[in-house]
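Each remark here refers to the structure printed beneath this line.
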Amino acid sequence: MVEPKKSLGQNFLVDQNVVRDLIDAAKIGKKDVVLEVGAGTGTVTKRLAQTAGKVIAVEFDRDLIPALRRNLSSFKNVEILNADILDVNFNDLDHFKVVGAIPYQITSPLIHKILHSSNRPKSITFVVQKEVAEKIAAAPPDATYLSNFVANFGEARIIKVIKPGAFSPQPKVDSAIIHITLYPKPKVEDTLKLEKFLHHGFVQPRKMLHHRFEDEILVGSKIPPQARAAHLSKEDWHNIYREIVRVRERVKSRRGDGTWRN
């Protein structure tokens, strides 16, 4: 019997109804290549292999690999990769989707890695902590840095809330299935600059924006200076970003980068 490792945040998904809902949410078909994150002992991998054309099952814990190989020995369309998903290169994959019941502590870095990649998947479908799923799918007046960052790349929605009993061992919090359908290309293509920009805007999400951006930027973006970051729509943030780019180009020679307040 495989013992979950608390240090790796291992809570194995065991409820087959939730496994089915996860795969249904990802809309997997025979033409799809699926990159599975956190394959564990293969509970989700088996169902993916029955539906997808190919599954690349990534598992960090080397102690789980023997059980994973045994449980998937009858499937010829599964490739098992013992690796840290944060180190995996996506560039060789074509028309792929990312699926997984992932360790909660890697949710944000993994989403950033995927979205910053030059070769992005068609969709991302994860089981994550419910609180994080809510941050990813949040809308004004409760928008977050993460919801606006993800919105640059696609549309996120919470499919289902999952109770702790669906896992072994049971986590102390509720989880959720989150599905992100990605656009063919992001709205803002310089994703690292966008990340820095949004971090700047959301340092104090309940504080009025004139404390974070010059009045000229807000006026040009048609954003009231008294507005707060959490209240802005993704279109508002795109307008501010475009205005910053426009103003910087116009005043670069005499003002440098002085368009943000520190």
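Please treat every number below as a calculation from the coordinates, not as lab data. The shown structure was predicted, so the numbers you read here are calculated from the model rather than taken from an experiment. Cβ atoms come from the backbone with ideal geometry, glycine included; neighbour counts cover every protein chain shown.
Can you give the calculated 222 nm mean residue ellipticity of the chain, where each DSSP H run of n ≥ 4 adds -39,500 (n - 2.57) and the sum is split over every residue, rounded to the nearest 500 deg cm²/dmol?
Numbers: 9 runs with 90 residues, N = 262.
Calculated mean residue ellipticity at 222 nm is -10000 deg cm²/dmol.
Counting DSSP beta bridges with both partners in segment 6-182, what percentage is antiparallel, nearest 5?
Antiparallel bridges: around 45 percent, rounded to the nearest 5.
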Next on the checklist: Given an 8 Å cut-off on Cα distances and at least 6 residues of separation, report the relative contact order of the chain as a percent.
Outcome noted: 16
Item to check | Extent along principal axes [Cα atoms of segment 155-239; Å; largest to smallest] | outcome: 54, 32, 19
Checklist entry - Which residues' amide hydrogens lie under 5 Å from the amide hydrogen of Val34, considering only partners 5 or more residues apart or on another chain, with H built in the peptide plane? => result Lys54, Val55, Ile56, Lys97
Checklist entry - Under unit Cβ charges (Lys, Arg +1; Asp, Glu -1), what dipole magnitude, rounded to 20 debye, does segment 192-248 have relative to its Cα centre? => result 160
Next on the checklist: Bin width 10 Å, origin at 0, all Cα-Cα pairs of segment 191-255: what percent of pairs per bin?
Outcome noted: 22, 58, 19, 1
Item to check | Estimated vicinal HN-Hα couplings, Hz - segment 30-38 in sequence order (Karplus 6.51, -1.76, 1.60; Gly, Pro = x) | outcome: 5, 8, 8, 9, 10, 9, 9, 9, x
Checklist entry - When the C-alpha atoms of the chain are aligned to their principal axes, what extent does each axis show, in angstrom, from largest down? => result 66, 37, 29
Next on the checklist: Over 10 Å intervals from 0, what percent of Cα-Cα pairs in segment 44-138 sits in each interval?
Outcome noted: 14, 46, 34, 6, 0
Item to check | For segment 191-255: relative contact order, % (alpha-carbon pairs under 8 angstrom, 6 or more apart) | outcome: 31
Checklist entry - With the contact rule set at Cα under 8 Å and sequence spacing of 6 or more, what percent relative contact order holds for segment 129-262? => result 24
Checklist entry - With charges set only on the Cβ (+1 for Lys and Arg, -1 for Asp and Glu), what does the dipole of segment 20-95 come to about its Cα centre, in debye to the nearest 20? => result 520
Item to check | Positive-end extreme of charge dipole, the chain - chosen from Asn119, Ile65, Ala151 (charges on Cβ) | outcome: Ala151
Item to check | Lys, Arg +1 and Asp, Glu -1 on Cβ, resulting dipole of the chain about Cα centre, debye, nearest 20 | outcome: 360
